[in-house]
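Presented below is the structure to which this report refers.
The values are calculated or read from the model by the stated rules, or taken from the named source; none is laboratory data. Model, not experiment: these values are computed from the prediction. Cβ placement follows ideal geometry from the backbone for every residue including glycine, while neighbour counts extend to all protein chains displayed.
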Amino acid sequence: MTLRNAQTLIDDLDTLLDQERLALVRGDLEMLGRMLAQKQELIDNINATDSLERAHLSEVHDKVTRNQELLNSAMEGIRAVASRMADLRRVRQGLETYDQSGQKTRFETQTQPSVEKRA
């Protein structure tokens, strides 16, 4: 592969990484999923190129690192939401308290659906 073709791949990856950042900032997980195959293909093609020098990839590397940090933050946020939702489910099911001796007591809540008639 020629250096010009390799540079085209790098430029395409650079553009895709900018789009990926935008999707991460917007929280567009569907768009991220659609970009994954294209990103993987570009990276595989770049890795198969023998004529690349490290300097050509430095800017792209910085963007990959930046996007990975954003993705990690997004994943932490998703985990926090999942944990909070689990806590809320537990609260809806009942209340746990501790008595003076440190024994846990659980008070179940009754969650029966109710229908209200209005005239």
Legend entry - The lone exception for residue 4 - which of (1) farther than 20 Å from residue 77 by Cα; (2) modelled with pLDDT of 90 or more; (3) among the basic types (Lys, Arg) it fails: (2)
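Return yes when residue 18 is in contact (Cβ under 8 Å) with a residue 40 or more places away in the chain and loosely packed, with under 10 Cβ neighbours inside 10 Å and no when it is not.
Values: in contact (Cβ under 8 Å) with a residue 40 or more places away in the chain: yes; loosely packed, with under 10 Cβ neighbours inside 10 Å: no.
No: the conditions fail for residue 18.
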Inset, instruction - Can you tell me which residue within the range 36-82, out of those that are of a type in the set (Gly, Ala, Ser) and under 19 Å from residue 12 (Cβ atoms), is modelled with the lowest pLDDT? - result: 51
Legend entry - Close pairs (9 angstrom Cβ cut-off, 6 or more residues apart or separate chains): without any contact (Cβ under 8 Å) to a residue 24 or more places away in the chain and part of a helix (DSSP H, G or I) in the range 50-69, surrounded by fewer than 11 Cβ atoms within 10 Å (Cβ to Cβ) and among the charged types (D, E, K, R) anywhere: 61/54
